[in-house]
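Here the structure comes first, spelled out in structure tokens, and everything after it is commentary.
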Amino acid sequence: SFQFYRHPSANMLMTPDDVAYDVIDQYQIFHFGSITLIDEPERSATLAAIQHAQEKGLRISYDPNLRLALWPDEDAARSGLLSGFEYAHIVKISEEEVEFLTGGSDPRTLWRDQTEIIVVTAGAGGATLYTHDAHYHQPGYRVEAIDTTGAGDSFVAALLVSLLEMGDNPDYDALLRFANAVGAITTTERGAIPALPSREQAEALMVQKTV
């Protein structure tokens, strides 16, 4: 479970003038989440950063991370999370978030004109990646989970690293196996940052049996 100590937290005070646009210019992918879409001025700062990334030709990655307690109500949360899909080429979303946003289990209803892939995570059940005309599934790995904090974030980090490394013809099955391994290892220790694995740890887990 998560408890948020804010009103204000640093991100809630961020304005478009605070965005480090020169940092964005150094990269190929811009990743954002839904929590900075809740309040002003951080929402305007996030949208300004996204617009700048678009103008520079970056791919946009989005995690519609549902934290209901931070939104005024469910309708506001649903509307806010959905707004991020209008900008994203790459989406990482959980099964629970798909159900919350669509009322069902089909993530394709979240597809937008610029969408390239949607990846749906299912915890220990692995993940499924959807392209415009196909889908790929890889099961999860057997680990002794202690704390799931940060598992989704580490999964999407591995996902984006793989997309950058694989270039124009990604091996989606290999990509999912790597991201599943990174996410799984993150659950085996307490905390988000201390639990992040090395590439060698992830590759070692990938030779083991899946769930």
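The values are calculated or read from the model by the stated rules, or taken from the named source; none is laboratory data. Just so we're clear, the structure is a prediction, and the values are computed from it rather than from any experiment. Quick reminder, even Gly has a Cβ in these numbers, built from the backbone with ideal geometry, and neighbours come from all protein chains shown. Side chains included, ligands, DNA and RNA excluded: accessible areas come from the protein's heavy atoms. Shrake-Rupley method; radii C 1.70, N 1.55, O 1.52, S 1.80 Å.
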Exercise. Which residue pairs have Cβ atoms under 9 Å apart, sit 6 or more places apart or on different chains, and have a first residue in the range 13-31 that is closer than 14 Å to Glu55 by Cα and of a type in the set (Val, Ile, Thr) and a second that is open to solvent by 80 Å² or more (accessible area, probe 1.4 Å) and in a loop (DSSP other than H, G, I, E, B)?
Worked result: Ile24/Lys56
Exercise. Among the residues of the range 165-184, is there at least one that is in a loop (DSSP other than H, G, I, E, B), within 16 Å of the chain's Cα centre (by Cα) and surrounded by fewer than 19 Cβ atoms within 10 Å (Cβ to Cβ)?
Worked result: no
Exercise. Is there any pair with a first residue in the range 188-204 that is under 15 Å from Ala157 (Cα atoms) and a second that is outside any loop (DSSP other than H, G, I, E, B) and open to solvent by 90 Å² or more (accessible area, probe 1.4 Å) whose Cβ atoms are under 8 Å apart and which are 6 or more apart or on different chains, and what are they?
Worked result: Ala192/Asp153
Exercise. Here is a list of conditions, (1) farther than 29 Å from Ser83 by Cα; (2) modelled with pLDDT of 95 or more, and Ala195 meets all of them except one; can you say which number that is?
Worked result: (2)
For this session: Restrict the check to the range 138-155 and report whether at least one residue is among the hydroxyl-bearing types (Ser, Thr, Tyr) and farther than 18 Å from Asn65 by Cβ.
Result: yes
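Looking only at the range 128-156, which residues are in contact with a Gly (Cβ under 8 Å, 6 or more places away or on another chain) and either among the hydrophobic types (A, V, I, L, M, F, W, C) or closer than 20 Å to Ser34 by Cα (or both)? Explain how you work it out, then say what you get.
Of the range 128-156, the ones in contact with a Gly (Cβ under 8 Å, 6 or more places away or on another chain) are 137-140, 147-152, 154-155.
Thr148, Thr149, Gly150, Ala151, Gly152, Ser154, Phe155, listed by residue number.
Hey, among the residues in the range 56-74 that are surrounded by 15 or more Cβ atoms within 10 Å (Cβ to Cβ) and either more than 13 Å from Ser34 (Cβ to Cβ) or in contact (Cβ under 8 Å) with a residue 60 or more places away in the chain (or both), which one's farthest from the chain's Cα centre (by Cα)?
Ranking the candidates gives Leu70 first.
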For this session: Give Gln3, Gln114 a once-over and let me know the one that is at pLDDT 95 or above, open to solvent by 20 Å² or more (accessible area, probe 1.4 Å) and either in contact with an Asp or Glu (Cβ under 6 Å, 6 or more places away or on another chain) or part of a loop (DSSP other than H, G, I, E, B) (or both).
Result: Gln114
Exercise. Looking at (1) in contact with a strand residue (DSSP E or B) (Cβ under 9 Å, 6 or more places away or on another chain); (2) within 20 Å of Leu159 (Cα to Cα), which is the one condition that is false for Ala49?
Worked result: (2)
Problem set entry | Complete set of residues in the range 40-70 that are more than 19 Å from Ala20 (Cβ to Cβ) and at pLDDT 95 or above | Glu40, Tyr62, Asp63, Pro64
For this session: Would you check which residues across the range 75-95 are touching a Leu at 6+ places or on another chain (Cβ under 7 Å) and open to solvent by 20 Å² or more (accessible area, probe 1.4 Å) and list them?
Result: Arg78, Leu82, Ser83
Exercise. Applying the selection to the range 8-52, what residues are acidic (Asp, Glu) and open to solvent by 50 Å² or more (accessible area, probe 1.4 Å)?
Worked result: Asp17, Asp18, Asp22, Asp25, Glu40
